[in-house]
Amino acid sequence: GTVVASGSTDTEGVYKINDLNTGYYTAEIVKSGFITTYFNLVSIGGLVTKDQNASISPVLADDQYRIVLTWGAIPSDLDSHLTGPGASVTGDRFHVYYAAPGPFTFGTTGVQLDVDDTSSFGPETITINKIGTGLYRYSIYDFSNGGSIVSNQLANSSARVRVYTGNRVALDINVPSGKVGTLWTVFEIQNNILRVVNKISALSDITNLLSVGENNTLDETWFQNLPQK
């Protein structure tokens, strides 16, 4: 669309755009060496609307992935979880999350949790430095509401996941609304092919989350008795 305003952030990434007419806008973030990214913002006449944030990723190699989670004010703590093929040939799997952030090397895969945000909004970021063979699964767990089977805060959190690889955005997905549960299984990657799952479940129903790949591998035990922060 037509460019109606532009500007630059300061050294801490803070931006300000003044005198926009009331309405909804699409913002484009551009920086040399980074993947161009878009996000939506709203302008309300006479008001300063804060916390309209976004993140961008440096250009990556074709076998690198960066997974970025953002969300709203409630709940305060959503957590990124990545499981994938371990170094052993016996089928063990790794689990990268707040209690085991890495960086780790599993077989040919280098992976780490870059940021764990516990006070709303994010971003919370996981980087896969080199994708390997086998099944990778990325999920979001609502740590704030624990094992509740009736909470809908995750579905109402405005959570959004972007997946970057190479010089492109491979996935940009919002949490499904109107669901009850504390676990959002977002996507899987196998043989460098990304498959969207996009399902919210209560932990009591997690055994329904069968994968189409790797002999229906499940990760339900990773979300039982998680350590405190």
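The values are calculated or read from the model by the stated rules, or taken from the named source; none is laboratory data. As the structure is a prediction and not an experimental result, all values here were calculated from the model. No Cβ is skipped: glycine too gets one built from the backbone with ideal geometry, and neighbour counts run over all protein chains shown. The accessibility values were calculated without ligands, DNA or RNA, using every heavy atom of the protein model including side chains. Shrake-Rupley method; radii C 1.70, N 1.55, O 1.52, S 1.80 Å.
For the reader, a short list of remarks on this structure follows.
- Within segment 18-42, the set of residues being in contact (Cβ under 8 Å) with a residue 24 or more places away in the chain, more than 17 Å from the chain's Cα centre (by Cα) and open to solvent by less than 70 Å² (accessible area, probe 1.4 Å) comprises 27, 29, 33, 34.
- Residue 50 meets all of the listed conditions (1) in a loop (DSSP other than H, G, I, E, B); (2) modelled with pLDDT of 90 or more; (3) open to solvent by 50 Å² or more (accessible area, probe 1.4 Å) but one, namely (2).
- Single residue of segment 1-17 satisfying the filter (open to solvent by 100 Å² or more (accessible area, probe 1.4 Å) and closer than 16 Å to residue 51 by Cβ) that is modelled with the highest pLDDT: 16
- Residue 84 assigned to a loop (DSSP other than H, G, I, E, B), surrounded by 17 or more Cβ atoms within 10 Å (Cβ to Cβ) and at pLDDT below 90: no
- Unmet criterion (only one of (1) at pLDDT 90 or above; (2) open to solvent by 100 Å² or more (accessible area, probe 1.4 Å); (3) of a type in the set (Phe, Trp, Tyr)) for residue 71: (2)
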